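Down below is the structure, laid out as structure tokens.
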Amino acid sequence: MASQTPTFPAPRGPARPSRRALLAGLAIAPLAAALPRAGSAAGAPVQVVATTSMIADLARMVGGDRIAVSALMGPGVDPHAYRQTRTDIVKMTRADLVLANGLYLEAQMEEFLAQLGERRPMLPVAEASIPAEMRLGSEAYADRWDPHVWMDPALWARLIPTLEATLSELDPQGAETYAQGAAEAAETLARLDAYAAEVLASVPQARRVLVSAHDAFRYFGRAYGFEVMGIQGLSTESEAGLARIEELVGVLAARDIPAVFVESSVPERNVRALIEGAKARGHTARVGAELYSDAMGPPGAYEGTYPGMIDHNVTAIALALGGSAPAQGMDGRLSAGLEG
């Protein structure tokens, strides 16, 4: 299959690529060939297991009732440190399809997922969908990429055609359902991206600095014009040294940054140390809100969906850094009103 060389996306919503470009080099046919046709022939949904809740929710948006999706990692779980349990292994070996992020997000599961992929349909869907030219590199590891691609909804939307095509190969009778689900998911993410762009543009230019527990927001920063600083590196496995905390204390004080952010999947002790350090220098900074970085919110809540996760984050960031946004988010669905 010929490959189409993509161009680097503009900060605001890159154009949706052709299916041919997205699927170039993706071995979907061998994935489907590994199992009998799933789902509709037996009247049962396609069984899908995803490593993270963000992937699971996007697959659910595309697949609807024709698939049954479960995520290995729930709220507050750190995917960088997660290791598969025996229960996880059973789930994955029995699934019709296993979806991972790839890009070394599931660092402790990498060897197992590679072995699983030799025997079962296993797709690192973000790695397969997003060309190298659109990824951000890792400063710590020359051969690694920043895996936090879901922080830019326009970039995350590039997974949708891959999911649609993969599910349609496994379950051809559901192709129409998957096409409809994909179109609706793309529209939802486009609305989310437009809302994020609007409210984040209201933050004064001098305050567009996002300081958080670890470096999970670089794609967010690139998309919406924010400088991003994490206390820890791309992986929560990296150590936050005193020198790094002292450096960020200086940034907060010198640039009069009013808020820093904790993350639901990362202990907040380093953020608290940062706030105390700034206070010692005569600068008051507060915790803007708890952001969802490597995991979504609680199941059943709006924040427990991918749109809700991003809606919460961009609304909280805009309000805490001096911008304007509706207290309950894009459609008034945030569980609790956020404050500036």
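The values are calculated or read from the model by the stated rules, or taken from the named source; none is laboratory data. As the structure is a prediction and not an experimental result, all values here were calculated from the model. Cβ placement follows ideal geometry from the backbone for every residue including glycine, while neighbour counts extend to all protein chains displayed. Side chains included, ligands, DNA and RNA excluded: accessible areas come from the protein's heavy atoms. Shrake-Rupley method; radii C 1.70, N 1.55, O 1.52, S 1.80 Å.
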Checking the structure you have, find out if any residue of the stretch 108-128 is touching a Gly at 6+ places or on another chain (Cβ under 6 Å), assigned to a helix (DSSP H, G or I) and open to solvent by less than 30 Å² (accessible area, probe 1.4 Å).
yes
Being within 22 Å of Val46 (Cβ to Cβ) and of a type in the set (Gly, Ala, Ser) is the filter here; which residues of the stretch 89-120 pass it?
Ala95, Ala100, Gly102, Gly117
If you go through the stretch 137-144 one residue at a time, do you hit one that is open to solvent by less than 10 Å² (accessible area, probe 1.4 Å) and either closer than 26 Å to Asp88 by Cβ or without any contact (Cβ under 8 Å) to a residue 24 or more places away in the chain (or both)?
no
Val262 passes all but one of the listed conditions (1) within 21 Å of Leu242 (Cβ to Cβ); (2) open to solvent by less than 30 Å² (accessible area, probe 1.4 Å); (3) out of contact with any helix residue (DSSP H, G or I) (no Cβ under 7 Å at 6 or more places or on another chain); the exception is number (3)
Suppose we keep only residues that are touching a His at 6+ places or on another chain (Cβ under 9 Å) and open to solvent by 20 Å² or more (accessible area, probe 1.4 Å) within the stretch 189-222. Which one would you say is farthest from Pro79 (Cα to Cα)?
Arg218
With the requirement that a residue be in a helix (DSSP H, G or I), crowded, with 21+ Cβ neighbours inside 10 Å and among the hydrophobic types (A, V, I, L, M, F, W, C), what does the stretch 62-89 give you?
Val62
